[in-house]
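Written out below as structure tokens is the structure these notes cover.
The values are calculated or read from the model by the stated rules, or taken from the named source; none is laboratory data. Please read all numbers here as calculations on a predicted model, not as lab measurements. Note: ideal-geometry Cβ built from the backbone for every residue, glycine included; neighbour counts use all protein chains shown. The accessibility values were calculated without ligands, DNA or RNA, using every heavy atom of the protein model including side chains. Shrake-Rupley method; radii C 1.70, N 1.55, O 1.52, S 1.80 Å.
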Amino acid sequence: MAIRLGDVAPDFTAETTMGPINFHEWLGDSWGILFSHPADFTPVCTTELGTVASLKEQFDARNVKTIAVSVDGLDSHNKWVPDINEVNKVTMNYPIIADEDRKVALLYDMIHPNASEKATVRSVFIIGSDKKVKLTLTYPASTGRNFDEILRVIDSLQLTSNHSVATPANWQDGDDCIIVPSIKDEEIPAKFPKGHKVVKPYLRTTPQPNK
Ligand code: BEZ
């Protein structure tokens, strides 16, 4: 069964390169990104895992923990990590789940048999501090993901949850935001003291509240 936005992220226990974890306990009060890759010792994956390690400060600033998963074993992961470090000039700083029995892959519907019978596709799940799934994304094996876009989505999600604003097409940090439709016109001055514009009665914008 596919996981849908708003579902509670399925919990599991697993072996990882940083020891055994219970997923929900490991998340604690943080947001989380669970992302799968097809296999260890493959080119695109090597760049992706290193890129995520290099963005640790950015994820920490947003209270987000990252965790990768593939159906390879712990031995294989541990042998691959030095390559990730060398190629990307990083030190791996988050766990990789060893999902040899495909427990996590099946729980999160990460194996798409018409793409590959054996390997996980490139799935991403952004999970809120309430353990609910906020974004799902599926990329093919041959396309590395854009983790700047993942950070941009996290910023947008956190703005919505903390400040009742949405973000327009191609929004970037610092751009004006959209006041969510559930806020009544009369509530706007108190809630958005930086001012607002009414572009259409249903499209009201305000400077980014947390800037
Ligand atoms: C990979 O690096 O995982 C990959 C590269 C090309 C095609 C498929 C997968």
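With respect to Ser116, is the statement that it is in a loop (DSSP other than H, G, I, E, B), out of contact with any helix residue (DSSP H, G or I) (no Cβ under 8 Å at 6 or more places or on another chain), more than 29 Å from Ala61 (Cβ to Cβ) and within 16 Å of the ligand (Cβ to nearest atom) true?
Answer is yes for this residue.
So Gln58 passes all but one of these: (1) in a helix (DSSP H, G or I); (2) within 16 Å of the ligand (Cβ to nearest atom). Which condition number does it fail?
Among (1) in a helix (DSSP H, G or I); (2) within 16 Å of the ligand (Cβ to nearest atom), the lone unmet condition for Gln58 is (2).
Quick check on this structure: which one of Ser129, Ser123 is outside any loop (DSSP other than H, G, I, E, B) and either away from the ligand (no atom under 16 Å from the Cβ) or open to solvent by less than 30 Å² (accessible area, probe 1.4 Å) (or both)?
Ser123
Evaluate region 12-22: report whether one residue or more is in a strand (DSSP E or B) and in contact with a Ser or Thr (Cβ under 9 Å, 6 or more places away or on another chain).
Checked region 12-22: at least one residue is in a strand (DSSP E or B) and in contact with a Ser or Thr (Cβ under 9 Å, 6 or more places away or on another chain).
Of everything in region 173-211 that's open to solvent by less than 50 Å² (accessible area, probe 1.4 Å) and touching a residue at least 40 places away in the same chain (Cβ under 8 Å), which residue is farthest from Ile126 (Cα to Cα)?
In this case the residue turns out to be Thr206.
Suppose we keep only residues that are buried (at least 19 other Cβ atoms within 10 Å of the Cβ) and not in a loop (DSSP other than H, G, I, E, B) within region 61-71. Which one would you say is nearest to the ligand (Cβ to nearest atom)?
Ser70
Can you spot a residue in region 75-84 that is more than 15 Å from the ligand (Cβ to nearest atom) and in a loop (DSSP other than H, G, I, E, B)?
Looking through region 75-84, none of the residues is more than 15 Å from the ligand (Cβ to nearest atom) and in a loop (DSSP other than H, G, I, E, B).
If you check Ala98 against the conditions, is it within 15 Å of the ligand (Cβ to nearest atom) and in the same structural domain as Pro38 (by TED's automatic domain parsing)?
The answer is no for Ala98.
Looking at region 143-165 only, could you name the residues that are within 16 Å of the ligand (Cβ to nearest atom) and either in a helix (DSSP H, G or I) or in contact with a helix residue (DSSP H, G or I) (Cβ under 7 Å, 6 or more places away or on another chain) (or both)?
Hits for region 143-165 are Gly144, Arg145, Phe147.
Would a scan of region 141-162 turn up a residue that is acidic (Asp, Glu), open to solvent by 80 Å² or more (accessible area, probe 1.4 Å) and at negative phi?
Within region 141-162, one or more residues are acidic (Asp, Glu), open to solvent by 80 Å² or more (accessible area, probe 1.4 Å) and at negative phi.
Could you list, in sequence order, all residues of region 85-113 that are within 26 Å of Trp31 (Cα to Cα) and part of a helix (DSSP H, G or I)?
Asn85, Asn88, Lys103, Val104, Ala105, Leu106, Leu107 - these are the residues of region 85-113 that are within 26 Å of Trp31 (Cα to Cα) and part of a helix (DSSP H, G or I).
Confirm whether Asn170 is in a loop (DSSP other than H, G, I, E, B) and open to solvent by 20 Å² or more (accessible area, probe 1.4 Å).
It is true that Asn170 is in a loop (DSSP other than H, G, I, E, B) and open to solvent by 20 Å² or more (accessible area, probe 1.4 Å).
If I ask for residues that are within 16 Å of the ligand (Cβ to nearest atom) and buried (at least 21 other Cβ atoms within 10 Å of the Cβ), which ones from region 13-47 would you list?
Answer for region 13-47, where residues must be within 16 Å of the ligand (Cβ to nearest atom) and buried (at least 21 other Cβ atoms within 10 Å of the Cβ): Phe35, Ser36, His37, Pro38, Asp40, Cys45.
Looking only at region 140-155, count how many residues are touching a residue at least 12 places away in the same chain (Cβ under 8 Å) and closer than 16 Å to Thr66 by Cβ.
9
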